[in-house]
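Here is the structure we will look at.
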Amino acid sequence: MLTGDEDLEVVGESRYQEHLRFICGDPDHKARQTVTAILVPEPDNAYDPNAVSVQIAGSIVGYLPRDVAAEYLPGLRRLMATNNGYIALEGVVVGGGMVGNRAASLGVWLRHTPSDFGVGNSASAQRRPGSDVARLDPGAMRTGFSEAWLTDVEDDSYDLSWFNALPDQDRPAIEMLRGLLESDPDPIDRHFQFTELEARLYKARERDPNALDEFDDVCRRHDAEMHGICEAFMTKWNKIPLLETYKQMAIRQQKKHDWEQVAWWAERGIELYGDKAARPEAIDDLVKRKERAENKIEAARQSSKAKPTPDGRSSMSLDVEIGGRSQAPASASAVDSTAAGEIEVLVCTKCGGSFERLRVRGRKPMLCPECRA
């Protein structure tokens, strides 16, 4: 049994809802059930020899994402050999209840320490357009790029030939994509250009200190055009393919522990999909992330209510004082941080950016939370 402070995502839970509901007991209400999950390699898996299933109470409830399984498998095998048995992780089953007029799926999150498996903190990799791999249902639409590519010749409203002209190097490709977005008016073209630009910027984050800031800006611009993009998708296919931006931004905000933003991006994606998603599991994933974020926000609120301040008032009744002026707390994390003391601003020695933390005794951190991750 291993523990840790980092999330490890589980995918494919939509196929195992009956067992998850059996674990939680009440399918009609939202769940938050602590569980013990076992990681089981599946070398004979017909779709992926690196597959690692996640089992709870003797049955499979999902799998590690394909890229994560390939990264973690060597370390998992080493741990199994050292301990002469399977490796278990703490986890939680969340979700359930009703979303509109349909039952929401239950999802699974695990907690771990990546270094136990010999890897750094993993980030779910964005796939480039057209690389629609790891499909849960063969033949089902994923990002829509493959379908758009196949009908490019017969549909004059957009032209995806720019994709083959992209340089292999990220920075020249990024500049080319920025230029395309300055002039291309078609919403379908623009969607895939935004998606590719986001993927390239995220990939370049370790080499370019500005890449993640650019990534955030591009995602916000992409979101601002998404209603028009979804209308174009509905006109073409009468359904909306996978909108990777919302999952990726929810993951990014989650790594920063900004649960208010996690909930916002997840809710925004759910709103755009409506009941027109080509892949219902895309909505289920966002619902799972939103549910987890709301649980975190509520836990922070309850924690702050329970902490009395020096004058005897509940910490939730106080305004946050920053720089000598009072203001309402911006988020649950800010309330929790300021409830017991003063906020100080530090400068990261790696990226040069500033970050806030609660002033406490002891050694000050040299790196901001993102660089530490």
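The values are calculated or read from the model by the stated rules, or taken from the named source; none is laboratory data. Keep in mind that this is a model prediction, so the values were computed, not measured. Positions of Cβ are generated from backbone atoms using ideal geometry, with glycine treated the same way; all protein chains shown enter the neighbour counts.
Applying the set (1) in contact (Cβ under 8 Å) with a residue 40 or more places away in the chain; (2) aromatic (Phe, Trp, Tyr); (3) buried (at least 20 other Cβ atoms within 10 Å of the Cβ); (4) more than 23 Å from CYS368 (Cα to Cα) to TYR273 leaves exactly one unmet item: (1). Looking at ALA224, is it assigned by TED's automatic domain parsing to the domain that holds ILE270 and crowded, with 18+ Cβ neighbours inside 10 Å? No. Applying the condition of being surrounded by fewer than 20 Cβ atoms within 10 Å (Cβ to Cβ) and in a helix (DSSP H, G or I) to segment 248-269 and asking which residue is modelled with the lowest pLDDT yields LYS255. Being within 20 Å of the chain's Cα centre (by Cα), modelled with pLDDT of 65 or more and on the phi > 0 side of the Ramachandran plot is a condition met by no residue of segment 283-293. Of ALA199, ALA173, all but one fail to be small (Gly, Ala, Ser) and in contact (Cβ under 8 Å) with a residue 60 or more places away in the chain; the exception is ALA199. The residues of segment 56-82 that are surrounded by fewer than 15 Cβ atoms within 10 Å (Cβ to Cβ), under 26 Å from the mean Cα position of the chain (by Cα) and not polar (S, T, N, Q) amount to a single one, PRO74.
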